[in-house]
Amino acid sequence: METNEKDILELRNITKSFDGKKVLDDLSLSIGRNEFITLLGPSGCGKSTTLRIIGGFVRPDAGSVFFEGKDITNLASEKRNVNTVFQKYSLFPHMNVEENIAFGLKLKKKSKAYIQDKIKYALKLVNLEGYEKRNTTALSGGQQQRIAIARAIVNEPEILLLDEPLGALDLKLRHDMQQELIRIKKEVGITFIYVTHDQEEALTMSDKIVVMNKGIIQQMGTSKSIYDEPQNAFVADFIGESNIIGGIMLQDRVVEILGVKIPCVDEGFAEREAVDVVIRPEDLEIKPEGEGFFTGQVTSVLFKGAYYEIKVYAEGYEWVSQSVSAPEVGARVGLYVAPDNIQIMHKPKSEDAEMIKE
Amino acid sequence: MVRLKNAFMKCYLALILLFLYAPIFVLVVLSFNDSRSRVTWGGFTLRWYGELFSNRQILEALRTTLLLGLGSAAAATVIGTLGAVGIQAMRRRGYQIVMSLTNIPILNADIVTGIALMLWFVRLMPLGFGSVLAAHITFNIPYVILSVMPKLKSLNLSIYEAARDLGAGSVYAFFHIVLPQIGSGILAGFFMALTMSMDDFVITYFTKGAGVNTLSTMIYGEIRKGIKPEMYALSTLLFAVIFVILLVFNALSGRGKNTDDVIERSR
Ligand SMILES: Nc1ncnc2c1ncn2[C@@H]1O[C@H](COP(=O)(O)OP(=O)(O)OP(=O)(O)O)[C@@H](O)[C@H]1O
Ligand SMILES: [Mg+2]
């Protein structure tokens, strides 16, 4: 394998077990310079472990970590040109804001004037000018995380690792901080590796998303490609709400769902391959009874602000549709989906298919 | 009704305190009594205190007690703190086993510990100051571990990792980041160990060998010959010192947060 010149970091065949339980399974991943990459997945899927391996807090059982082509698998964390922003409570409680930010620089024996300049710059960057002498324990959660970011940034790392840095904040503040982080990323121009289990956050912020489950990468790509073309039912289910139904590929461009033959645009599957079919709620159209592929009864209609969320029970399955007009609850309706709005997927890589379908 | 209950509770508390402190009070009063009799009050005097401090044997025992207390507390504090850090880093199972083992010396009867340590030390070294010191360090370590452990548990590991992340080596991170957070626990452990050491009679008695005396073993020896009033004065002083240490200890463990600040500012 050749390391790509553009890549700043590469994980190669990383495996890690804790107490005999495999947490990361043969994970390989390349991260480009200046990328905002997000590791996304449910709790316990190994996101933090991956980040901690990059940061040098955990040694993998097998596999290697390359930084600019050099093997750093066994390099101590303080020697890596990487800094971390932890989830919360990682500021040193017995030091004020200024002392916290200066911590790394003092260790590097920088001059007083240099440190003062850096502190000024960093506080400006995170919008907390004038906070030098504040006590860290008196800051709000959002302010604490800004200081944590400032404290990491002043060391001029090539990569900033962020492990759910907004996880402890309330929704409104989270949204503000997301925008803030995007701005900071643009200003400092370094690589961000971000961990979250919030798909919305991942879609908003990232250049590239890595969807993980049970220590295995399920899909990697831009926000758009992950949202529009999920490669398996796990990804589809995790990224936003979807109708996911088991089906059989009869031939190219024809799939059988719940006994009905439906035209689609996908090709190249094995004949009679069992597949997962994903239909986004906004693509499932409500038609008068008798039209469309399935007929069923409306079980609920919820107004969601910009659209209605309509649930229809048909063929033993509860379908979710989004529409700007709403039928009556109890009405019988038809369900239709255009061929190019059907997404056909291979079954997921691990045995999670059962779990997803509840 | 409630008032009656309150009054009853107050009486009960007063009674308990009376039983606990009346004997000590009597001792204190006798130490200022200008009469060799234990039942008649001959007026106030500091004579016994004066005699106490001109008695070479007593001063020698006091010196031994203080050396032993401070030395064993200091050594146990270092060993116990490092031990606690190690235990904290252990896996669940090992952690439980070691913590149970740590409790045994505390719950064990002093006399068993005393005889066991004596049998052990007799093989290694002549009984004397060295063996008592070793014995005191041994029984003090668990107290230090027990008072440092809760602080370590409530310590957020990510501040240690953050320090490493920012370029600190493990030793630097421990002294500059972890230590200030658990400092009050360590101090409390030190004072607890100091009290335990000064308070001990049984273990000291078995491990001291001939010629070495702490205040408590000396008082014991003197009393067998008949009680001299100097002993009241000595006991009163011993009580006062331990009482003060306990007050300091309580203040430290009660207001952990504040002491952190105090330690930090005093540096
Ligand atoms: N030091 C450790 N010792 C034992 N087990 C661990 C350790 N660190 C992680 N694990 C286990 O490894 C699994 C993956 O943990 P990890 O922290 O990487 O998950 P995560 O994806 O970050 O989840 P979350 O979203 O909850 O933070 C979990 O089951 C966790 O219990
Ligand atoms: Mg995590």
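The values are calculated or read from the model by the stated rules, or taken from the named source; none is laboratory data. Here the structure is a predicted model, which means the values were calculated and not measured. Note: ideal-geometry Cβ built from the backbone for every residue, glycine included; neighbour counts use all protein chains shown. Quick note on the areas: whole protein, heavy atoms, side chains included, nothing else; ligands and nucleic acids left out. Shrake-Rupley method; radii C 1.70, N 1.55, O 1.52, S 1.80 Å.
Are there any pairs, at least 6 apart or on different chains, whose C-beta atoms fall under 6 Å, with the first in the range A:81-98 and within 20 Å of A:D198 (Cα to Cα) and the second part of a loop (DSSP other than H, G, I, E, B) and within 14 Å of ligand 2 (Cβ to nearest atom), and if so, which?
A:V85/A:P165; A:Q87/A:E164; A:Q87/A:G167; A:K88/A:A168
Here is a check on your reading of the model: is A:K118 out of contact with any Gly (no Cβ under 7 Å at 6 or more places or on another chain), of a type in the set (D, E, K, R) and crowded, with 17+ Cβ neighbours inside 10 Å?
Taking the combined requirement at face value, the residue satisfies it.
Scanning the range A:171-201 for residues that are among the aliphatic types (A, V, I, L, M) and open to solvent by less than 20 Å² (accessible area, probe 1.4 Å), which turns out farthest from ligand 1 (Cβ to nearest atom)? Talk me through it step by step, then tell me what you get.
In the first step, residues of the range A:171-201 are kept if they are among the aliphatic types (A, V, I, L, M); the result is A:171, A:173, A:177, A:181-182, A:184, A:188, A:190, A:193, A:195.
Next cut, open to solvent by less than 20 Å² (accessible area, probe 1.4 Å) only: A:177, A:181, A:184, A:193, A:195.
Working: A:M177: 18, A:L181: 18, A:I184: 23, A:I193: 13, A:V195: 6 Å.
My answer is A:I184.
Note down all Cβ pairs under 9 Å where the first residue falls in the range B:221-240 and is closer than 16 Å to B:Y21 by Cβ and in contact (Cβ under 8 Å) with a residue 12 or more places away in the chain, the second is acidic (D, E) and open to solvent by 40 Å² or more (accessible area, probe 1.4 Å), and they're at least six residues apart or on different chains.
Partner pairs satisfying both residue conditions: B:L238/B:D199.
Would you check which residues across the range A:66-85 are more than 19 Å from A:K208 (Cβ to Cβ) and open to solvent by 40 Å² or more (accessible area, probe 1.4 Å) and list them?
The answer is A:G69, A:K70, A:D71, A:N74, A:L75, A:E78, A:K79, A:N81.
So A:G259 clears everything in (1) open to solvent by 50 Å² or more (accessible area, probe 1.4 Å); (2) closer than 15 Å to A:N341 by Cα; (3) of a type in the set (G, A, S) except one condition, right? Which one?
(2)
Hey, does the range A:3-25 have a residue that's buried (at least 19 other Cβ atoms within 10 Å of the Cβ), within 16 Å of ligand 2 (Cβ to nearest atom), within 14 Å of chain B (Cβ to nearest Cβ) and within 26 Å of A:G221 (Cα to Cα)?
no
Where residues in the range A:126-140 are open to solvent by 40 Å² or more (accessible area, probe 1.4 Å) and assigned to a helix (DSSP H, G or I), which of them is farthest from A:N81 (Cα to Cα)?
By that ranking, first place goes to A:A138.
Any residue at all in the range B:81-91 that's of a type in the set (D, E, K, R) and either touching a residue at least 40 places away in the same chain (Cβ under 8 Å) or closer than 21 Å to B:F190 by Cα (or both)? Steps first, answer last, please.
Kept after step one, since they are of a type in the set (D, E, K, R), are these residues of the range B:81-91: B:91.
Restricting the remaining residues to those that are either touching a residue at least 40 places away in the same chain (Cβ under 8 Å) or closer than 21 Å to B:F190 by Cα (or both) gives none.
So far as the range B:81-91 goes, no, none of its residues is of a type in the set (D, E, K, R) and either touching a residue at least 40 places away in the same chain (Cβ under 8 Å) or closer than 21 Å to B:F190 by Cα (or both).
For the range A:78-99, which residues satisfy the criterion of being part of a helix (DSSP H, G or I) and either more than 10 Å from chain B (Cβ to nearest Cβ) or modelled with pLDDT of 95 or more (or both)?
A:V97, A:E98, A:E99
Among the residues that make up the range A:214-230, is at least one of them open to solvent by less than 40 Å² (accessible area, probe 1.4 Å) and within 19 Å of A:I101 (Cβ to Cβ)?
no
So, A:A168, is that one within 14 Å of chain B (Cβ to nearest Cβ), open to solvent by 30 Å² or more (accessible area, probe 1.4 Å), of a type in the set (A, V, I, L, M, F, W, C) and in contact with a helix residue (DSSP H, G or I) (Cβ under 8 Å, 6 or more places away or on another chain) or not?
When the stated conditions are applied, A:A168 passes them.
Restricting to the range A:1-50, give me the number of residues that are within 14 Å of ligand 1 (Cβ to nearest atom), of a type in the set (A, V, I, L, M, F, W, C) and over 15 Å from A:K208 (Cβ atoms).
6
For every residue, the table says whether it meets (1) part of a strand (DSSP E or B); (2) farther than 28 Å from A:I209 by Cα.
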| residue | (1), (2) |
| --- | --- |
| A:D237 | no, no |
| A:M249 | yes, yes |
| A:V275 | yes, no |
| A:E309 | yes, no |
| A:S325 | no, yes |
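I'd like to verify a number: residues in the range A:51-65 that are within 12 Å of ligand 1 (Cβ to nearest atom) and open to solvent by 40 Å² or more (accessible area, probe 1.4 Å), how many?
Total satisfying the criteria: 3.
Looking at (1) open to solvent by less than 10 Å² (accessible area, probe 1.4 Å); (2) in a helix (DSSP H, G or I); (3) within 14 Å of chain B (Cβ to nearest Cβ), which is the one condition that is false for A:Q144?
(1)
Filtering the range A:27-50 down to residues that are among the polar types (S, T, N, Q) and within 16 Å of ligand 2 (Cβ to nearest atom), which residue is surrounded by the fewest Cβ atoms within 10 Å (Cβ to Cβ)? Write out each step before concluding.
As a first pass, look at the range A:27-50 and keep what is among the polar types (S, T, N, Q): A:28, A:30, A:34, A:38, A:43, A:48-50.
Remaining after also requiring within 16 Å of ligand 2 (Cβ to nearest atom): A:38, A:43, A:48-50.
Working: A:T38: 27, A:S43: 7, A:S48: 21, A:T49: 21, A:T50: 29.
The extreme case among them is A:S43.
Please list, ordered by residue number, the helices (runs of 4 or more DSSP H) wholly in the range B:158-215 having 2 or more residues that are open to solvent by less than 30 Å² (accessible area, probe 1.4 Å) and within 13 Å of another protein chain (Cβ to nearest Cβ).
Helices (runs of 4 or more DSSP H) meeting the threshold: B:179-199.
For the range A:262-281, what are the residues that are open to solvent by less than 50 Å² (accessible area, probe 1.4 Å) and over 23 Å from A:S321 (Cα atoms)?
A:F269, A:E273
So which pairs qualify, if the first residue must be in the range A:319-345 and under 17 Å from A:P263 (Cβ atoms), the second must be open to solvent by 50 Å² or more (accessible area, probe 1.4 Å) and among the acidic types (D, E), the Cβ gap must be under 7 Å, and the two must be at least 6 apart or on different chains?
Matching pairs, first to second residue: A:G334/A:E289; A:G334/A:E291; A:Y336/A:E285; A:Y336/A:E291; A:V337/A:E285; A:Q343/A:E229.
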